[in-house]
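These notes concern the structure reproduced below.
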Amino acid sequence: MLSHDRLLDRYSRQIALKVVGVEGQRRLARSSVAVIGCGALGTAVAELLARAGVGRLKLVDRDIVEISNLHRQLLYDERHAIQGAPKALACAEKISEINSEVEVEPVVADVSHRNVLNLISDVDLVIDGTDNFETRFLLNDAALSVGVPWVYGAALETYGVVMPILPGRSACLRDLIPNPPRPGALPTCELVGVLNAAAVTVASLQVASAIKLLLGDEEGAGVATYVDVWRHSLERVRVERSEDCPACVRGRYEFLEGKMSRDVVLCGRNAVQISPARDVALDLEELANRLRRTAEVRETPHVLFVRAEGLELAIFRDGRAIVKGTSDPARARSAYARYVGL
């Protein structure tokens, strides 16, 4: 915890706000937030939370940095893209340089029904930085089940939406969107694009909502805010709890129970993520030595890149692989079986 003088010095402009003050700043320093997804929303969210003095950040992401990320995903640079650095680690590295007083825990992992409770059960609040509805509905189930507030957010083209959710006291994501859209039914940023200002605006609204909740201000929970930065428009809609909501009313957590999981096709990227059926810890060095006889291999400290058969596999220590060069799950699983073998 910062001394009183250092607290006043670093956060003087924030402490001057009537809604924060010295005690509010100390409360933020004692708070912990999990940022799930370190992409366009998650990087901006993580940076703003760190600069605001939130004491502990858990940064979770399954992916690696690519050159196409750099126009909108703050904190990453060309070095990270060339290295293929895991986003969670690259984000944590930058956050530590911004505010060394913040405790940062990077987690390179895919969020699933098997690990989500461990990821969010030790924090005060969760912020959605994901890019798919299956994970968002899983976060909704998990947050409701353990009573952790969370802030939903999404951005596409020039617009976005934010909604803070308080378990037991506000509407949840399934009151706003009863069921996930079927795969391919919605446009993606790869297909229709996203303005970087739209993503940063949504992230700013998420952070403002998060700080309010961490300071005990529940105004705005269950209210969806729609913003379009191109048209300079903003609309707020209060979402009511549905009498038959399967999650927040009936307590049925279908996504948390794993009933709704499926192969992860990374929309618009011509890539498929494959995850092992059980928890594993791969020896990437041993695997690299074995595969050099039959494939082109590039080693980094955290990811093994393998090129073969017109595909590139990015293999992580937890057994996951992102198979680039196909959107066919069957072909991706076949390559995974040949080169990873789990």
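Data table
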| item | result |
| --- | --- |
| Every residue from the stretch 224-237 that is within 25 Å of the chain's Cα centre (by Cα) and exposed (fewer than 11 other Cβ atoms within 10 Å of the Cβ) | Glu235 |
| Residues located in the stretch 290-342, provided they are assigned to a loop (DSSP other than H, G, I, E, B) and of a type in the set (Gly, Ala, Ser) | Ala295, Gly310, Gly319, Gly325, Ser327, Gly341 |
| Residues within the stretch 77-120 that are closer than 28 Å to Leu7 by Cα, of a type outside the set (Asp, Glu) and either under 15 Å from the mean Cα position of the chain (by Cα) or not in a helix (DSSP H, G or I) (or both), tallied | 11 |
| Any chance Ser112 is hydroxyl-bearing (Ser, Thr, Tyr) and in contact (Cβ under 8 Å) with a residue 60 or more places away in the chain | yes |
| Selection status of Val272, assigned to a strand (DSSP E or B), crowded, with 20+ Cβ neighbours inside 10 Å and at pLDDT below 95 | yes |
| Filtered residue count, the stretch 142-165, keeping only those that are in a loop (DSSP other than H, G, I, E, B) and either crowded, with 20+ Cβ neighbours inside 10 Å or in contact (Cβ under 8 Å) with a residue 60 or more places away in the chain (or both) | 3 |
| Residue in the stretch 149-162 that is over 19 Å from Thr225 (Cβ atoms) and in the same structural domain as Gly55 (by TED's automatic domain parsing) present | no |
| Among the candidates Arg27, Arg72, Arg51, residue that is assigned to a loop (DSSP other than H, G, I, E, B), surrounded by fewer than 24 Cβ atoms within 10 Å (Cβ to Cβ), of a type outside the set (Val, Ile, Thr) and at negative phi | Arg72 |
| Qualifying positions in the stretch 299-316 - without any contact (Cβ under 8 Å) to a residue 24 or more places away in the chain and either outside the structural domain of Arg269 (by TED's automatic domain parsing) or of a type in the set (D, E, K, R) (or both) | Glu299, Arg307, Glu312 |
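The values are calculated or read from the model by the stated rules, or taken from the named source; none is laboratory data. Bear in mind that the values here come from a model prediction, so they are computed numbers and not experimental data. Every residue, glycine as well, gets a Cβ built from its backbone with ideal geometry; the counts of neighbours run over all protein chains shown.
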